[in-house]
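Notes follow the structure.
The values are calculated or read from the model by the stated rules, or taken from the named source; none is laboratory data. None of these values were measured; they are calculated from a predicted model. Cβ placement follows ideal geometry from the backbone for every residue including glycine, while neighbour counts extend to all protein chains displayed. Accessible surface areas use protein heavy atoms only, side chains included; no ligands, DNA or RNA. Shrake-Rupley method; radii C 1.70, N 1.55, O 1.52, S 1.80 Å.
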Amino acid sequence: MKPAPFRHYAPTTVDEAVALLARLAPQDGRVLAGGQSLVPTMAFRLARPAHLIDINGIATLSRLAVADGKLAIGACVRHAAFQRAPAEGPLGALLAKVVRHIAHYPIRTRGTFCGSIANADPASEWCTVAVALGAEMVAQSARGTRVIAAKDFFAGIMTTALAEDELLTEVRLPLLPADTRTGFYEFSRRAGDFAIAMALATYRLEGGKIVDPRVAVGGAEPHARRIAEAEQALAGKAPGAEAFTAAAARAEAAVDPMEDINNSAQYRRELVRAVVRRALEQAAA
Ligand SMILES: Cc1cc2nc3c(=O)[nH]c(=O)nc-3n(C[C@H](O)[C@H](O)[C@H](O)COP(=O)(O)OP(=O)(O)OC[C@H]3O[C@@H](n4cnc5c(N)ncnc54)[C@H](O)[C@@H]3O)c2cc1C
């Protein structure tokens, strides 16, 4: 099937793009970034936007740089940019580890980090990274610019705090202290498929005990989130089977998993226990 007719706009500045959005979003205007989620849904006519504001010609949105202790990721930075660590230290290494789980290479050369965040698929790896690490989302419109914390950004399945006339211009991830340990584990039936469940775990050690633990789960619930119960089970404990088993069990009990035609809620719940435990084991290795 071919997409329904639409008008294509090619702004070259952010100001031009947000002015177009202000005018066209109320008439079913949408941002086009990598097109790897939007275009397939248009081809199936599940989405029929009347106007596409294509941001790929805005050079300033391709910025990927470290500034003020954060990695700033512009709206046109592709997934493939993370295949090599984009920053020194544990954050860069973590992103390079995670990106390999996103789709297939051709999709990674077009799809964007910020597009994944704006699209808010429950099984998006970047959304899980964003909530785990406390990302900041920079949203710009003709009305001004605001910064939204990751914990306030994701509202449900493909639903975010972005208003229809806002462009997500940048996502900022805080750099991780050099001694941060990280683990990421996801389960999907075939390589490149969306995950059925995934977990990201980070912590540091002080005197042999876990400090600043973070455990986030994605793919299981309508949006990725940190699991405070699992983090509490880790804080102050020595890393190892006892603490990791306890944290995984707390995560399993805490989630309220989605059901679909292939995966029952109970299956996903048990999977959450497995992926949390494996992410923690990877962090300790
Ligand atoms: C076969 C296949 C497998 C895939 N597997 C995975 C996977 O395993 N994990 C995963 O995370 N993703 C996966 N994807 C999706 C892919 O990662 C997309 O690239 C990504 O979800 C959306 O990014 P995009 O740049 O392509 O956005 P687009 O498709 O251009 O846009 C998606 C939506 O976000 C909006 N949007 C995009 N950018 C902005 C912005 N800057 N500001 C405001 N709104 C914006 C658009 O208006 C649209 O509604 C897969 C896609 C395919 C086709």
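Key figures for this structure:
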| read-out | value |
| --- | --- |
| Choice from Tyr203, Tyr185, Tyr267 with maximal GNM fluctuation in the chain (Cα, 10 Å cutoff) | Tyr267 |
| Vicinal HN-Hα couplings computed from phi for region 152-168 (Karplus, 6.51 cos²θ - 1.76 cosθ + 1.60; Hz; Gly/Pro x) | 9, 8, 8, 10, x, 4, 6, 10, 9, 7, 5, 7, 5, 9, 9, 9, 7 |
| ³J(HN,Hα) computed for each position of region 53-67 - Karplus, 6.51 cos²θ - 1.76 cosθ + 1.60, integer Hz, glycine/proline x | 9, 7, 8, 5, x, 9, 4, 5, 7, 8, 6, 10, 8, 8, 8 |
| Normalised contact order of region 130-285, rounded percent, pairs of Cα under 8 Å and 6 or more residues apart | 21 percent |
| Simple Cβ-charge dipole of region 1-152, Lys/Arg +1 and Asp/Glu -1, about Cα centre, in debye nearest 20 | 400 debye |
| Positive-end extreme of charge dipole, the chain - chosen from Gly34, Pro239, Leu200 (charges on Cβ) | Gly34 |
| Phe194, Phe244, Phe187, reordered so the largest accessible area comes first (probe 1.4 Å) | Phe194, Phe187, Phe244 |
| Cα gyration tensor category, rounded, prolate or oblate, for the chain with a/c compared to 1.5 | prolate |
| Accessible area (Å², per residue) of the chain, counting only protein heavy atoms and a probe of 1.4 Å | 45 Å² |
| Mean Kyte hydropathy of 0.0 or more with a Cα span along the axis of at least 18 Å, helices from DSSP in the chain | 241-254 |
| Length-normalised contact order of the chain in % [C-alpha pairs under 8 Å, at least 6 apart] | 15 percent |
| Segment Ala274-Lys151, length gained on full extension (0.36 nm per residue, minus Cα span) | 41.9 nm |
| Beta bridges per DSSP with both ends in region 94-228, % antiparallel, nearest 5 | 100 percent |
| Simple Cβ-charge dipole of the chain, Lys/Arg +1 and Asp/Glu -1, about Cα centre, in debye nearest 20 | 560 debye |
| Region 110-150 - convex hull of the alpha-carbon atoms, volume per residue in Å³ | 74 Å³ |
| Accessible carbon and sulfur surface of region 134-202 relative to its total accessible area, %, 1.4 Å | 53 percent |
| Most mobile listed residue (Ala199, Ala139, Ala50) in the chain, GNM with C-alpha springs under 10 Å | Ala50 |
| Top of Thr12, Thr245, Thr169 by mean-square fluctuation, Gaussian network on the chain, Cα under 10 Å | Thr12 |
| Of all accessible heavy-atom area on region 1-130, the percent that carbon and sulfur account for (1.4 Å) | 55 percent |
| Paramagnetic reach from Gln282 (point 7 Å along Cα→Cβ, amide N under 16 Å) across region 110-132 | 123-132 |
| 3J(HN,Hα) from dihedral phi, region 71-79, Karplus parametrisation 6.51/-1.76/1.60, rounded to Hz, x for glycine, proline | 8, 9, 10, x, 5, 9, 6, 7, 3 |
| DSSP-defined beta bridges in region 14-169 - what % are antiparallel, rounded to 5 | 80 percent |
